[in-house]
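These notes concern the structure reproduced below.
The numbers here are math on the coordinates, done by the rules we state, and not lab data. The structure presented is a predicted model; accordingly, all values stated were derived computationally and were not measured. Note that we place each Cβ from the backbone using ideal geometry, even for glycine, and neighbour counts take in every protein chain shown.
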Amino acid sequence: MIVEDLPQIFKEARPIIKNLEQAGFKAYFVGGSVRDLLLKRPIHDVDIATNAYPAEVKRIFPVTIDTGIQHGTVTVKYGEEFYEVTTFRTESTYQDFRRPDHVEFVQNLSEDLKRRDFTINALAMAGSGEIIDHFGGITDLNNKVVRAVGEARERFHEDALRMMRAVRFVSQLGFTLERDTKKAITENRELLHHIAVERIREEFLKLGLGPDSKDGFSVLIDSELIEDLPLLAGKSSLLKNYLTLNFFPTTEPIFWALIIVLIKLTNDEVRAFMRTWKNSNEVAHQVQQIVECFDIVSERELTNRELFDFGVTTLASTIDLADILGEPVNGVVLIDRYNHLPLKDAHELAVDGRFLMANLGIPAGPRIGRLLQLTLDAILAGQIKNNQKSIAKYVKKITSVV
Ligand SMILES: Nc1ccn([C@@H]2O[C@H](COP(=O)(O)OP(=O)(O)OP(=O)(O)O)[C@@H](O)[C@H]2O)c(=O)n1
């Protein structure tokens, strides 16, 4: 099979292949870019595999960066673009947990392809556009199947993250998981414990945000791989509720908040959960806010002060989460109430600490902060207006008790 009209991204990368060939080497496009080309999906970057060693690649191209030389990868700058050029290699380079730094280079493309994870990812393409398919990858693409190359058990022992990748592709591409590949996941799922949580998290997130995340979750539960995800062991009966949803998360914080609500964590447990999953403090904070806000809106109306404190981003995410979970929350009303708040940021307060000290004779100290907070409360509750005159009157009144 030859692809006649290659997208621009491949055309621009062709000179890399040509230069390697002119120097007497073989070189091919490999991996996800070839898969995505045949699926007519957007292509973000193209990777190249070659029998040239990194030192040889560096001799051919004037501008290179040693991004992963111990794994055989050199980044080549060509024009304004950067390309990863990797020497044909075998499994142990895919972060084999038994031999993390072991690299084995091989001489030909077939050897390289047969140690890749799935048939759909074991396709290569020559500079001419000719597709090289040794493992039935094109048939599997057409049938929408994720199937390990050769023995699935071996592929998962080489890199256990591949089990998560398999399920991620189900969600991302809308494919089904081939039976033996799924069986090998169930039989080898404990291997996932050798994998860094950050890598698992990336795959879990891609799974959760994929267009077919319901199918992804279904396979995750069916294959029992879910039992080996951090803090999700024993939660599969709760997570089965994911399969009854009609809408799905579209952002990272909403995805985590949904998982947390489904597994019924208390507010106190959220922080530890997010930390175990090695999320950034920023994402962890956003998720905590959404979960807290969701807890409140499921019980009662938010106060104006709560609307103010949560802010519009958390409110919008909470409304999405409520929608996903079928919780009756009137998002339009909530956002309208937010939009009509007398102020949306503490900086909009008509007075500051200096004003209270200079005009009302209140000494510096923590009391100033308390008075400002009470003032904010009163404005948000509609008791007073946000101007210096009504605030001064109000503060004078409450100084006797605060
Ligand atoms: N654990 C892994 C990771 C990657 N690969 C191989 O390396 C290629 C590139 O990997 P990567 O860029 O991580 O993923 P893609 O398959 O390109 O998918 P995406 O870009 O959507 O993450 C894959 O296609 C596959 O051939 C593999 O065999 N085993």
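Before moving on, here are some points about what is shown:
- Angstrom value of the Kirkwood radius, inverse mean 1/r, which spans all Cα pairs in the stretch 195-278: 13.0 Å
- When the P(r) is computed for the stretch 235-303, the part past 18 Å accounts for 39% of the Cα-Cα pairs.
- Pair-distance distribution of the stretch 244-399: all C-alpha pairs, bin width 10 Å, starting at 0; shares per bin in whole percent are 10, 33, 26, 20, 10, 1, 0.
- Note on Asp5 and Ile296: the model spin-label points, each 7 Å out from Cα along the C-beta direction, lie 5.5 nm apart.
- Between the helical axis of 161-173 and the longest alpha-carbon principal axis of the chain there is an angle of about 80 degrees.
- A cut-off under 15 angstrom between Cβ atoms defines the neighbours of Glu269, and their net charge, with Lys, Arg +1 and Asp, Glu -1, is +1.
- Local net charge near Ala148, Cβ-Cβ under 9 Å (Lys/Arg +1, Asp/Glu -1): -1
- Proximal charge balance of Ile226 [Cβ under 11 Å; K/R count +1, D/E count -1]: -1
- Taking the convex hull of the alpha carbon positions in the chain and averaging its projected area over all directions gives 25.7 nm².
- Rg over Rh [alpha-carbon atoms, Kirkwood Rh] for the stretch 1-143: 0.95
- As computed over the stretch 102-143, the Cα convex hull volume per residue (Å³): 72 Å³
- Rg(Cα)/(2.2 N^0.38 Å) for the stretch 346-398, N = residue count: 0.99
- Packing, as the average of other Cβ atoms within 10 Å across residues, places the peptides 203-210, 337-344 in the order 203-210, 337-344, highest first.
- Mean projection of the Cα convex hull over all viewing directions, computed for the stretch 9-87: 4.8 nm².
- Convex hull volume per residue in cubic angstrom - Cα atoms of the stretch 150-244: 85 Å³
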